1. Look at Ala187 and say whether it is open to solvent by 50 Å² or more (accessible area, probe 1.4 Å) and in a strand (DSSP E or B).
2. Just to verify a result, which residue in segment 155-172, among those that are under 30 Å from Ala22 (Cα atoms) and either more than 19 Å from the chain's Cα centre (by Cα) or basic (Lys, Arg) (or both), is most open to solvent (accessible area, probe 1.4 Å)?
3. With respect to Ser14, determine if the residue is within 11 Å of the chain's Cα centre (by Cα), closer than 25 Å to Asn193 by Cα and open to solvent by 10 Å² or more (accessible area, probe 1.4 Å).
4. Yes or no: segment 105-122 includes at least one residue that is part of a loop (DSSP other than H, G, I, E, B), in contact (Cβ under 8 Å) with a residue 24 or more places away in the chain and of a type in the set (D, E, K, R).
Amino acid sequence: MSATLYYVHDPMCSWCWGFKPALDELLAGLPDSIQVQRILGGLAPDNDQPMPEAMQQMLQQTWQQIQASIPGTVFNYDFWTENQPRRSTWPSCRAVLAARQQDEALEVPMILAIQQAYYLHARNPSETQTLVSIAEEIGCDAARFADYLHSDAAHKALEAQRQMAQRLQAHGFPSLIYKNDRDKLYAIPVNYNQAAVMLQQITQANAA
């Protein structure tokens with residue numbers, strides 16, 4: 001059996017955005033023998049109701065906390081005044097699946113495009129039109145993408161991803177789970193500032 005590093009995430013998870021530089025460094029340092037599989041954990045179900053003011057304030061405080069603990073992380077706080085926020089991240093998760101359905105090579109670009117739209121450009125990925133626009137920008141067939149985004153197939157695919165995250169016992173996002181070539185699972189503590197620490201832990205788990 002091949003070794004696999006599972007990355008459990010949500011494209012609208014702000015800690016996942018803060019983790020991106022360390023994750024990129026970690027993945028660049030992995031041996032070619034280790035496969036990488038991204039799993040969409042899905043933070044918040046579809047919801048057409050405005051986000052309560054208290055939750056908006058809490059999330060803005062979370063952004064500030066991330067910036068304090070992960071140097072260099074950028075957030076555009078205009079999001080909170082230029083949009084009607086909703087606590088709904090499953091559409092963005094299905095958007096990643098919709099892009100991947102068209103071309104597996106579009107999975108990572110779609111994740112990044114959603115993150116940049118949300119955190120840098122104050123666009124709202126909870127909105128279908130935003131997701132369709134982003135998909136078109138990265139080269140997806142927009143009509144095909146839109147048809148799949150809210151389809152039964154997309155909902156089932158996301159549910160399968162969420163169940164996979166549960167089987168991996170991923171507690172929170174982001175999470176890293178390493179499966180060595182003997183099918184033994186190891187939770188790798190996320191280190192937001194030191195990729196080398198995580199790489200060393202994976203090396204140790206591989207030899208265990």
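1. Details: open to solvent by 50 Å² or more (accessible area, probe 1.4 Å): yes; in a strand (DSSP E or B): yes.
So Ala187 fits the description; yes.
2. Initially, segment 155-172 is screened for residues under 30 Å from Ala22 (Cα atoms), giving 157-172.
Filter once more, so that each one left must be either more than 19 Å from the chain's Cα centre (by Cα) or basic (Lys, Arg) (or both): 162, 167.
Values: Arg162: 50, Arg167: 149 Å².
The residue in question is Arg167.
3. It is true that Ser14 is within 11 Å of the chain's Cα centre (by Cα), closer than 25 Å to Asn193 by Cα and open to solvent by 10 Å² or more (accessible area, probe 1.4 Å).
4. Quick first cut of segment 105-122, residues part of a loop (DSSP other than H, G, I, E, B) only: 121-122.
Those left that are additionally in contact (Cβ under 8 Å) with a residue 24 or more places away in the chain: 121-122.
Checking which are of a type in the set (D, E, K, R) leaves us with none.
Checking segment 105-122: not a single residue is part of a loop (DSSP other than H, G, I, E, B), in contact (Cβ under 8 Å) with a residue 24 or more places away in the chain and of a type in the set (D, E, K, R).
For every residue, the table says whether it meets (1) open to solvent by less than 20 Å² (accessible area, probe 1.4 Å); (2) among the hydrophobic types (A, V, I, L, M, F, W, C).
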{"position": "Ile114", "(1), (2)": "yes, yes"}
{"position": "Asp147", "(1), (2)": "no, no"}
{"position": "Ala153", "(1), (2)": "no, yes"}
{"position": "Pro174", "(1), (2)": "yes, no"}
{"position": "Tyr178", "(1), (2)": "yes, no"}
{"position": "Asp181", "(1), (2)": "no, no"}
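The values are calculated or read from the model by the stated rules, or taken from the named source; none is laboratory data. Given the structure is predicted, the values throughout are model-derived calculations rather than measurements. Every residue, glycine among them, receives a Cβ derived from its backbone with ideal geometry; neighbour counts consider all protein chains shown. Just so you know, the surface numbers come from the protein's heavy atoms only, side chains and all, with ligands and any DNA or RNA stripped out. Shrake-Rupley method; radii C 1.70, N 1.55, O 1.52, S 1.80 Å.
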